[in-house]
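Beneath this line is the structure, given in C-alpha coordinates, with notes to follow.
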Amino acid sequence: MRTVSNISQIRPIISSAKQRGERVGLVPTMGALHAGHIALMETARAQDDFVAISIFVNPTQFGPAEDYQAYPRQLEQDARAAQQAGVDLIFAPSAEEMYGEGFATYVEVEGLTEGLCGRYRPGHFRGVTTVVAKLLNIIQPDAAYFGEKDYQQLIVIRRMVNDLNMPIEIVGVPTVREPDGLAISSRNRYLSDEERAVAPCLYQALQAGATRVRQGATGAEAAEQVKEILAKEPLLRVQYVEAVHPETLQPAEYGGPPMVIAAAAYLGAARLIDNIIIEEGTDDA
Ligand code: PAF
(Lines give C-alpha, C1' and ligand atoms only; values in the text may rest on other atoms or scores of the structure.)
Protein backbone atom coordinates (compact mmCIF):
# COMPACT_ATOMS: atom_id res chain seq x y z
CA MET A 1 0.00 0.00 0.00
CA ARG A 2 1.26 3.48 -0.87
CA THR A 3 0.35 6.81 0.70
CA VAL A 4 0.69 9.91 -1.48
CA SER A 5 -0.18 13.51 -0.84
CA ASN A 6 0.33 15.21 -4.22
CA ILE A 7 -2.15 15.19 -7.09
CA SER A 8 0.72 14.80 -9.58
CA GLN A 9 1.72 11.49 -7.92
CA ILE A 10 -1.77 10.01 -8.26
CA ARG A 11 -2.29 10.07 -12.00
CA PRO A 12 0.59 7.71 -13.03
CA ILE A 13 -0.39 5.19 -10.33
CA ILE A 14 -4.01 5.09 -11.49
CA SER A 15 -3.00 5.05 -15.18
CA SER A 16 -0.80 2.00 -14.55
CA ALA A 17 -3.64 0.19 -12.79
CA LYS A 18 -5.98 0.98 -15.69
CA GLN A 19 -3.37 -0.11 -18.25
CA ARG A 20 -3.23 -3.44 -16.45
CA GLY A 21 -7.00 -3.63 -17.08
CA GLU A 22 -7.87 -3.14 -13.43
CA ARG A 23 -11.15 -1.70 -12.20
CA VAL A 24 -10.45 1.14 -9.78
CA GLY A 25 -12.61 1.83 -6.71
CA LEU A 26 -12.44 4.95 -4.53
CA VAL A 27 -13.61 5.35 -0.94
CA PRO A 28 -13.57 9.07 -0.07
CA THR A 29 -13.17 9.64 3.69
CA MET A 30 -12.19 12.32 6.16
CA GLY A 31 -10.12 9.77 8.10
CA ALA A 32 -10.66 8.68 11.72
CA LEU A 33 -11.50 5.37 10.10
CA HIS A 34 -14.06 3.15 11.84
CA ALA A 35 -16.10 0.05 11.08
CA GLY A 36 -18.36 2.03 8.74
CA HIS A 37 -15.38 3.00 6.59
CA ILE A 38 -14.03 -0.56 6.75
CA ALA A 39 -17.35 -1.79 5.32
CA LEU A 40 -16.94 0.69 2.42
CA MET A 41 -13.39 -0.52 1.79
CA GLU A 42 -14.40 -4.18 1.98
CA THR A 43 -17.24 -3.59 -0.48
CA ALA A 44 -14.78 -1.88 -2.82
CA ARG A 45 -12.25 -4.69 -2.30
CA ALA A 46 -14.88 -7.25 -3.32
CA GLN A 47 -15.86 -5.33 -6.48
CA ASP A 48 -12.64 -3.70 -7.69
CA ASP A 49 -9.09 -4.77 -8.53
CA PHE A 50 -7.46 -1.60 -7.23
CA VAL A 51 -8.82 0.19 -4.16
CA ALA A 52 -7.90 3.78 -3.34
CA ILE A 53 -9.10 5.77 -0.36
CA SER A 54 -8.80 9.48 0.21
CA ILE A 55 -8.24 10.93 3.66
CA PHE A 56 -8.95 14.65 3.68
CA VAL A 57 -10.72 16.74 6.30
CA ASN A 58 -12.43 19.04 3.86
CA PRO A 59 -12.62 22.63 5.16
CA THR A 60 -15.28 23.74 2.69
CA GLN A 61 -17.96 21.45 4.11
CA PHE A 62 -17.70 22.73 7.70
CA GLY A 63 -19.62 25.79 8.89
CA PRO A 64 -17.83 28.48 10.93
CA ALA A 65 -19.26 27.14 14.23
CA GLU A 66 -18.58 23.48 13.35
CA ASP A 67 -15.82 21.07 14.38
CA TYR A 68 -13.28 21.48 11.53
CA GLN A 69 -10.36 22.19 13.88
CA ALA A 70 -11.40 19.52 16.40
CA TYR A 71 -12.12 16.84 13.80
CA PRO A 72 -9.86 13.85 14.57
CA ARG A 73 -6.70 13.51 12.44
CA GLN A 74 -4.81 10.22 12.84
CA LEU A 75 -3.12 9.31 9.56
CA GLU A 76 -0.77 6.62 10.91
CA GLN A 77 -3.55 4.73 12.67
CA ASP A 78 -5.79 5.11 9.60
CA ALA A 79 -3.04 3.78 7.33
CA ARG A 80 -2.78 0.63 9.45
CA ALA A 81 -6.57 0.10 9.27
CA ALA A 82 -6.59 0.71 5.51
CA GLN A 83 -3.74 -1.74 4.95
CA GLN A 84 -5.59 -4.41 6.90
CA ALA A 85 -8.68 -3.80 4.78
CA GLY A 86 -6.62 -4.46 1.64
CA VAL A 87 -6.40 -0.90 0.35
CA ASP A 88 -3.80 -0.28 -2.39
CA LEU A 89 -3.44 3.49 -2.21
CA ILE A 90 -4.14 6.31 0.24
CA PHE A 91 -4.44 9.82 -1.14
CA ALA A 92 -3.97 12.22 1.80
CA PRO A 93 -3.56 15.74 0.41
CA SER A 94 -3.12 18.96 2.37
CA ALA A 95 -5.75 21.71 2.24
CA GLU A 96 -3.30 23.77 0.11
CA GLU A 97 -2.96 20.91 -2.39
CA MET A 98 -6.74 20.68 -2.80
CA TYR A 99 -7.56 24.39 -2.61
CA GLY A 100 -4.64 26.24 -4.14
CA GLU A 101 -4.27 30.01 -4.20
CA GLY A 102 -7.10 31.68 -6.08
CA PHE A 103 -9.41 28.65 -5.86
CA ALA A 104 -12.81 29.86 -7.06
CA THR A 105 -14.80 26.98 -8.53
CA TYR A 106 -17.57 25.20 -6.63
CA VAL A 107 -20.02 22.47 -7.57
CA GLU A 108 -23.55 22.87 -6.28
CA VAL A 109 -26.53 20.54 -6.58
CA GLU A 110 -29.82 22.41 -6.33
CA GLY A 111 -33.06 21.21 -4.74
CA LEU A 112 -31.88 17.99 -3.11
CA THR A 113 -29.55 19.96 -0.85
CA GLU A 114 -32.20 22.33 0.48
CA GLY A 115 -34.02 20.11 3.02
CA LEU A 116 -32.93 17.76 5.82
CA CYS A 117 -29.32 18.52 6.87
CA GLY A 118 -28.99 21.15 4.15
CA ARG A 119 -31.49 23.38 5.94
CA TYR A 120 -29.32 23.45 9.09
CA ARG A 121 -25.85 23.35 7.50
CA PRO A 122 -25.80 26.09 4.85
CA GLY A 123 -22.99 25.52 2.36
CA HIS A 124 -22.24 22.01 3.65
CA PHE A 125 -23.31 20.12 0.55
CA ARG A 126 -21.64 22.65 -1.73
CA GLY A 127 -18.40 21.78 0.08
CA VAL A 128 -19.09 18.06 -0.17
CA THR A 129 -19.93 18.07 -3.87
CA THR A 130 -16.98 20.32 -4.66
CA VAL A 131 -14.46 18.09 -2.91
CA VAL A 132 -16.02 14.86 -4.18
CA ALA A 133 -16.03 16.21 -7.76
CA LYS A 134 -12.35 17.08 -7.33
CA LEU A 135 -11.50 13.65 -5.87
CA LEU A 136 -13.38 11.87 -8.66
CA ASN A 137 -11.56 14.01 -11.20
CA ILE A 138 -8.15 13.45 -9.64
CA ILE A 139 -8.48 9.69 -9.17
CA GLN A 140 -10.90 8.90 -12.01
CA PRO A 141 -12.23 5.71 -10.42
CA ASP A 142 -14.71 3.32 -12.03
CA ALA A 143 -16.74 3.25 -8.81
CA ALA A 144 -16.96 5.27 -5.61
CA TYR A 145 -18.44 4.13 -2.30
CA PHE A 146 -20.50 6.12 0.20
CA GLY A 147 -22.34 5.13 3.39
CA GLU A 148 -26.14 5.17 3.55
CA LYS A 149 -25.81 6.75 7.01
CA ASP A 150 -25.21 10.05 5.19
CA TYR A 151 -28.25 9.35 3.05
CA GLN A 152 -28.75 12.87 1.70
CA GLN A 153 -25.05 13.05 0.79
CA LEU A 154 -25.35 9.79 -1.16
CA ILE A 155 -28.37 11.02 -3.15
CA VAL A 156 -26.78 14.42 -3.81
CA ILE A 157 -23.56 12.81 -5.08
CA ARG A 158 -25.53 10.44 -7.35
CA ARG A 159 -27.30 13.49 -8.81
CA MET A 160 -24.02 15.34 -9.35
CA VAL A 161 -22.35 12.37 -11.06
CA ASN A 162 -25.38 11.89 -13.28
CA ASP A 163 -25.78 15.59 -14.11
CA LEU A 164 -22.08 16.07 -14.88
CA ASN A 165 -21.90 12.86 -16.96
CA MET A 166 -19.12 11.40 -14.85
CA PRO A 167 -18.66 7.75 -15.95
CA ILE A 168 -18.53 6.50 -12.36
CA GLU A 169 -20.76 4.04 -10.50
CA ILE A 170 -21.85 5.41 -7.12
CA VAL A 171 -22.34 2.57 -4.66
CA GLY A 172 -24.32 3.04 -1.43
CA VAL A 173 -23.26 0.81 1.46
CA PRO A 174 -25.63 0.01 4.37
CA THR A 175 -25.05 1.74 7.71
CA VAL A 176 -22.87 -0.16 10.17
CA ARG A 177 -24.24 -0.14 13.72
CA GLU A 178 -23.05 -0.88 17.21
CA PRO A 179 -24.77 -3.93 18.78
CA ASP A 180 -27.26 -1.56 20.49
CA GLY A 181 -28.21 0.04 17.16
CA LEU A 182 -26.22 3.30 17.30
CA ALA A 183 -24.94 4.15 13.82
CA ILE A 184 -21.14 4.15 13.84
CA SER A 185 -19.72 7.64 13.26
CA SER A 186 -16.46 9.49 13.86
CA ARG A 187 -18.45 11.93 15.98
CA ASN A 188 -19.57 9.25 18.48
CA ARG A 189 -16.23 9.84 20.21
CA TYR A 190 -17.57 13.22 21.40
CA LEU A 191 -20.22 11.42 23.53
CA SER A 192 -19.80 11.18 27.32
CA ASP A 193 -20.66 7.81 28.92
CA GLU A 194 -24.06 9.14 29.90
CA GLU A 195 -24.77 10.45 26.39
CA ARG A 196 -23.52 7.21 24.83
CA ALA A 197 -26.06 5.28 26.91
CA VAL A 198 -28.85 7.48 25.54
CA ALA A 199 -27.67 7.54 21.89
CA PRO A 200 -29.32 4.27 20.67
CA CYS A 201 -32.76 5.83 21.25
CA LEU A 202 -32.36 7.69 17.94
CA TYR A 203 -32.41 4.50 15.88
CA GLN A 204 -35.02 2.89 18.15
CA ALA A 205 -37.35 5.82 17.50
CA LEU A 206 -36.70 5.59 13.74
CA GLN A 207 -37.55 1.88 13.86
CA ALA A 208 -40.85 2.70 15.58
CA GLY A 209 -41.56 5.25 12.83
CA ALA A 210 -40.78 2.66 10.17
CA THR A 211 -43.26 0.25 11.74
CA ARG A 212 -45.95 2.93 11.45
CA VAL A 213 -45.06 3.47 7.79
CA ARG A 214 -45.32 -0.24 7.06
CA GLN A 215 -48.79 -0.07 8.66
CA GLY A 216 -49.71 2.63 6.13
CA ALA A 217 -48.94 5.87 8.01
CA THR A 218 -48.01 9.00 6.07
CA GLY A 219 -44.55 10.50 6.37
CA ALA A 220 -45.85 13.30 8.60
CA GLU A 221 -47.54 10.82 10.95
CA ALA A 222 -44.44 8.65 11.19
CA ALA A 223 -42.13 11.64 11.75
CA GLU A 224 -44.45 12.93 14.49
CA GLN A 225 -44.29 9.58 16.26
CA VAL A 226 -40.46 9.59 16.09
CA LYS A 227 -40.39 13.14 17.52
CA GLU A 228 -42.73 12.15 20.38
CA ILE A 229 -40.46 9.24 21.35
CA LEU A 230 -37.31 11.39 21.20
CA ALA A 231 -38.96 14.21 23.20
CA LYS A 232 -39.02 11.85 26.21
CA GLU A 233 -35.21 11.88 26.33
CA PRO A 234 -34.09 15.09 28.12
CA LEU A 235 -30.44 14.92 27.00
CA LEU A 236 -31.39 14.86 23.32
CA ARG A 237 -31.96 18.08 21.34
CA VAL A 238 -33.71 17.11 18.15
CA GLN A 239 -32.84 19.23 15.11
CA TYR A 240 -35.19 17.55 12.65
CA VAL A 241 -37.10 14.38 11.93
CA GLU A 242 -38.46 14.15 8.40
CA ALA A 243 -39.93 11.45 6.23
CA VAL A 244 -39.06 11.84 2.57
CA HIS A 245 -39.19 10.02 -0.73
CA PRO A 246 -35.94 8.01 -1.11
CA GLU A 247 -34.97 9.57 -4.46
CA THR A 248 -36.50 13.05 -4.59
CA LEU A 249 -36.05 13.74 -0.85
CA GLN A 250 -39.40 15.55 -1.02
CA PRO A 251 -41.70 15.21 2.04
CA ALA A 252 -43.54 11.87 1.89
CA GLU A 253 -47.12 13.13 1.93
CA TYR A 254 -48.38 9.68 0.92
CA GLY A 255 -48.94 6.64 3.15
CA GLY A 256 -46.65 3.59 3.24
CA PRO A 257 -43.29 2.77 1.61
CA PRO A 258 -41.02 3.66 -0.12
CA MET A 259 -39.81 6.25 2.36
CA VAL A 260 -36.76 7.33 4.27
CA ILE A 261 -37.15 8.74 7.76
CA ALA A 262 -34.09 10.85 8.55
CA ALA A 263 -33.20 12.59 11.80
CA ALA A 264 -30.52 14.78 13.31
CA ALA A 265 -30.11 15.46 17.01
CA TYR A 266 -27.53 16.89 19.36
CA LEU A 267 -26.37 14.88 22.34
CA GLY A 268 -24.01 17.20 24.19
CA ALA A 269 -21.40 18.35 21.65
CA ALA A 270 -22.13 15.54 19.21
CA ARG A 271 -24.49 16.07 16.31
CA LEU A 272 -25.83 12.62 15.43
CA ILE A 273 -27.60 11.81 12.19
CA ASP A 274 -29.33 8.60 11.27
CA ASN A 275 -32.06 7.32 8.99
CA ILE A 276 -34.12 4.30 8.16
CA ILE A 277 -34.84 3.26 4.60
CA ILE A 278 -38.26 1.65 4.24
CA GLU A 279 -38.47 -0.16 0.94
CA GLU A 280 -41.57 -1.56 -0.67
CA GLY A 281 -42.21 -5.19 0.23
CA THR A 282 -39.08 -5.66 2.35
CA ASP A 283 -37.92 -5.13 5.91
CA ASP A 284 -36.15 -1.89 6.80
CA ALA A 285 -32.54 -1.43 5.84
O1 PAF B 1 -18.71 11.46 4.22
C2 PAF B 1 -17.60 12.01 4.36
O3 PAF B 1 -16.74 11.53 5.10
C4 PAF B 1 -17.31 13.28 3.59
O5 PAF B 1 -18.44 14.08 3.49
C6 PAF B 1 -16.68 13.04 2.21
C7 PAF B 1 -17.65 12.29 1.29
C8 PAF B 1 -15.41 12.23 2.36
C9 PAF B 1 -16.34 14.37 1.55
O10 PAF B 1 -15.43 15.10 2.30
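The values are calculated or read from the model by the stated rules, or taken from the named source; none is laboratory data. All of these numbers come straight from a predicted model, not from anything done at the bench. Cβ atoms come from the backbone with ideal geometry, glycine included; neighbour counts cover every protein chain shown. All accessible areas refer to the heavy atoms of the entire protein, side chains included, with ligands and DNA or RNA removed. Shrake-Rupley method; radii C 1.70, N 1.55, O 1.52, S 1.80 Å.
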Margin query: Quick check: the distance between the Cα centres of the stretch 233-272 and the stretch 10-70, to the nearest angstrom?
Written below: 27
Next item on the list: Roll a 1.4 angstrom probe over the protein heavy atoms and tell me the percent of accessible area of the chain that is carbon or sulfur.
Entry: 47
Check: If one takes the longest principal axis of the Cα atoms in the chain, at what angle in degrees, from 0 to 90 and to the nearest 10, does the Cα axis of helix 219-231 lie?
Finding: 90
Item checked: Folded to 0 to 90 degrees: helix 35-47 orientation relative to the chain principal axis, Cα -> 60
Notebook entry, point to check: Highest GNM mean-square fluctuation, the chain, Cα pairs closer than 10 Å: which of A65, A82, A197?
Noted result: A65
Notebook entry, point to check: Of the trypsin sites (Lys or Arg not before Pro) in the stretch 184-285, which ones lie in a loop per DSSP and count no more than 11 other C-beta atoms within 10 Å?
Noted result: K232
Notebook entry, point to check: Roughly what % of DSSP beta bridges within the chain run antiparallel, to the nearest 5?
Noted result: 50
Checklist line | the stretch 55-193: C-alpha gyration tensor shape, a/c 1.5 cut-off, then a/b vs b/c | finding: rounded
Item checked: Residue-wise HN-Hα coupling along the stretch 158-168, computed from phi with Karplus coefficients 6.51, -1.76, 1.60 (Hz; x: Gly, Pro) -> 4, 4, 4, 5, 5, 5, 9, 6, 7, x, 9
Note to self: Under 10 Å, Cα contacts only: if you run a Gaussian network model on the chain, which one of G256, G118, G100 comes out with the highest mean-square fluctuation?
What the structure shows: G100
Next item on the list: Note down the magnitude of the dipole of the chain about its Cα centre, charges +1 on Lys and Arg C-beta and -1 on Asp and Glu C-beta and zero elsewhere, to the nearest 20 debye.
Entry: 520
Note to self: Suppose all protein chains stay in the model; what accessible area per residue would a 1.4 Å probe give for the stretch 188-256, in Å²?
What the structure shows: 52
Next item on the list: Could you work out which residue, out of D48, D163, D67, moves most in a Gaussian network model of the chain, that is, has the largest mean-square fluctuation with Cα springs under 10 Å?
Entry: D163
Check: When Lys and Arg each count +1 and Asp and Glu each count -1, what net charge do the other residues less than 14 Å away from Y106, Cβ to Cβ, add up to?
Finding: 0
Item checked: Restricting the stretch 1-46 to trypsin sites (Lys or Arg not before Pro) in coil, as DSSP defines it, with at most 10 other Cβ within 10 Å -> R20
